[in-house]
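Single-structure report; data block below.
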Amino acid sequence: MSENVDSHGGVASPEVYRRRRIIALLVLVLVLLLGISLVSWLVGRGGDSEPTAAASSTSASAEAFSDFSQRATESATASPSDSESADPSASSDESESAEPTESASQQPTESAEPTESAEPTEEATPEPTETPAVVAACTPADLQVSLTADRTSYAAGQNPALAVVYTNASDNPCLVTGGVANVDINITSGPAQVFNYAQCHAAPAEDAQVEAGATNTTSLSWDRSLNVLGCGTSAKVQPGHYWATASVNGVNSQPVRIVITG
């Protein structure tokens, strides 16, 4: 030891420190080994004592049950069977009492059934009113117009009586606009105009409807006046031959000859 100490300062050399560390390490290892051995011994001792304690407890319980009689054992064993026999009845009672509740809840009540609603009352629908068809004015395709005279010749003091006949030859009704006011007679002598009935006798009137296939007649007379000179003239025609033509709604008849002799 005295050799490893530095003579100048009295401090141990590195070799001394190394040896001390090795010794300390060995001591630590030894302590650990002793601790491990002690723990193992204690664990083994505890395991041996447990079976002994269990055996002692078993024997004690056996001694305690040895005092009970066989009758008590039988009654004790029978009690589970009684309880088992009682359980089905109880469970059956419970199940029986539960079934009506389930059926009652599952079955629909009478109030849940749909009630028949009152049938809707039939409302009287108004019948559509028929709109009258618009009747058109008579055209040459609808009317057939003819003119007749009561005589072929007229002596002094006799006035021609004329009849205008018009027929609706179509399948539909038509209108004579202006009514009888639109029925006219025109009298000429050659190319000269002599008399026109509507000029001095026509008056406004309502339209006259002529049904399909119907025939109407309008009677007129000529007083031999020469009204081409005016409606208020008193001039009379001279004897001669005259031609009369009827017109209804613009549809003309064939001319009819009128002979004035006196």
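When residues in region 231-262 are screened for being in contact with a Pro (Cβ under 8 Å, 6 or more places away or on another chain) and surrounded by 11 or more Cβ atoms within 10 Å (Cβ to Cβ), 7 of them pass.
Among the residues making up region 147-169, those that are part of a loop (DSSP other than H, G, I, E, B) and over 26 Å from Ala212 (Cα atoms) are Asp150, Arg151, Thr152, Ala155, Ala156, Gly157, Gln158, Asn159, Pro160.
Scanning region 166-177 for residues that are out of contact with any Asp or Glu (no Cβ under 6 Å at 6 or more places or on another chain) and either touching a residue at least 60 places away in the same chain (Cβ under 8 Å) or open to solvent by less than 20 Å² (accessible area, probe 1.4 Å) (or both) yields a total of 2.
Residues of region 204-230 that are hydrophobic (A, V, I, L, M, F, W, C) and open to solvent by less than 80 Å² (accessible area, probe 1.4 Å): Ala205, Ala208, Val210, Ala212, Ala214, Leu220, Trp222, Leu226, Val228.
The values are calculated or read from the model by the stated rules, or taken from the named source; none is laboratory data. Model, not experiment: these values are computed from the prediction. Cβ atoms come from the backbone with ideal geometry, glycine included; neighbour counts cover every protein chain shown. Calculation scope for accessible area: heavy atoms of the full protein, side chains included, ligands and nucleic acids excluded. Shrake-Rupley method; radii C 1.70, N 1.55, O 1.52, S 1.80 Å.
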